[in-house]
Amino acid sequence: MASRFTNQVRNALLVLTAATAIGAGAATLAAPAKTNWLLTFSVTPKGSHVIGNPAAPTKLVEYASYTCGHCAHFEIDEVPQLKNQFVANGKVSFEIRNLVRDPMDLTAALLARCGGKGRFFGNHRHLMATQAQWAQGSKLTKATINHLEAGKTLQFMLGAYTELGLDTIMAQRGVTVAQGKACLSNQAAFDAVIAMTEEATQTLKINSTPTLMVNGKIIDGHDFATLKPHLAP
């Protein structure tokens, strides 16, 4: 009797285990995990930064300047809608390229690259959000301006880094003073930013920021309502 009872229990457990496994498999098939493309970052061969699905059917490019008020407005007020509605689901990839307008802009562009591709978009947004605090040439000392006039770009940027308060602003992103100075001294990053600027102004004849391109076509305007009809449905 005990042996028969043991066999019945064993058989019942086998059936229960099999049913549980089948149910788990069905649940897995029915609800596959969704990719949040806002966590995917890449760098193009030209050194620009991309967030989203690299294979997205619609590719949005922004030529941006860190001392451009309209660029700051676009980043703070319009980009969140763009990311939430189109980038997160993989329909649109969003690429930021530099179009440097002045030496302060160049300084910020190099600082935005501190920490690698995973940190760029957060740095970019923080620099735009704090633009009113640091993008004021009146804060620069004559000694720093003299460096620029003498063609000493790195020395200018190192002076501007502290005089404009960019050291404090980048510290809020976890960037130490030493790391910030190393980013400003990065020749490869400097060359990439200048090359993107030259391509924009000389080849594409872009003369304002932000300029938006969808699949290679320049779009008039720089607000989400204007941009939305050009993006994936």
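The values are calculated or read from the model by the stated rules, or taken from the named source; none is laboratory data. Note that the structure is a prediction, hence the values are computed from the model and not measured. Quick reminder, even Gly has a Cβ in these numbers, built from the backbone with ideal geometry, and neighbours come from all protein chains shown. We work out accessible area using only protein heavy atoms, side chains counted, and drop any ligands, DNA or RNA first. Shrake-Rupley method; radii C 1.70, N 1.55, O 1.52, S 1.80 Å.
Some points to look at:
- Taking the Cα centre of segment 88-193 as reference, the dipole from Cβ charges on Lys and Arg (+1) and Asp and Glu (-1) amounts to some 300 debye.
- Accessible surface, segment 30-165, averaged per residue in Å² (probe 1.4 Å): 42
- Taking all pairs of distinct alpha-carbon atoms in segment 34-95, Kirkwood radius in angstrom: 12.0
- Per-residue ellipticity at 222 nm computed for the chain from its helices equals -14000 deg cm²/dmol, with DSSP H segments shorter than 4 residues left out and the rest contributing -39,500 (n - 2.57).
- Non-local lysine pairs in segment 78-233, meaning eight or more places apart or on different chains, with alpha-carbon distances under 29 Å, amount to 23.
- The percentage of C-alpha pairs in segment 72-135 whose separation is greater than 15 Å is 57%.
- The convex hull of the Cα atoms of segment 101-165, projected and averaged over all directions, covers 4.4 nm².
- By the equivalent-ellipsoid construction on the alpha carbon gyration tensor, segment 184-233 comes out with semi-axes of 27, 12, 10 Å, ordered largest to smallest.
- Total formal charge among the other residues, if their Cβ is under 10 angstrom from that of Gln85, Lys/Arg +1 and Asp/Glu -1: +3
- Highest mean packing comes first when the peptides 83-91, 185-193 are listed by Cβ atoms within 10 Å, giving 83-91, 185-193.
- Interatomic Cα distance distribution for the chain, bins of 10 angstrom, percent: 7, 28, 28, 14, 7, 5, 5, 4, 2, 0, 0
- Descending Cα extents along the principal axes, segment 114-233, whole Å: 50, 32, 28
- Nearest-20 debye value, the chain charge dipole, Cβ charges on Lys, Arg, Asp, Glu: 940
- Using a probe radius of 1.4 angstrom, the carbon and sulfur fraction of the accessible surface of the chain is 59%.
- Cβ-Cβ FRET estimate between Lys34 and Thr226, R0 fixed at 41 Å, reported to 0.05: 0.90
- Radius 12 Å from Cβ of Thr130, net charge of other residues (Lys, Arg +1; Asp, Glu -1): +1
- Charge dipole (debye, nearest 20) of segment 151-230; +1 at Cβ of Lys and Arg, -1 at Cβ of Asp and Glu: 100
- Remark on segment 64-103: hydrodynamic radius 11.2 angstrom, per the Kirkwood mean of 1/r across alpha carbon pairs.
- In range of the label at Leu154: residues from segment 161-184 whose backbone nitrogen is under 13 Å from the point 7 Å along Cα→Cβ: 181-184
- Scaled against 2.2 N^0.38 Å for its residue count N, the alpha carbon radius of gyration of segment 154-225 is 1.45.
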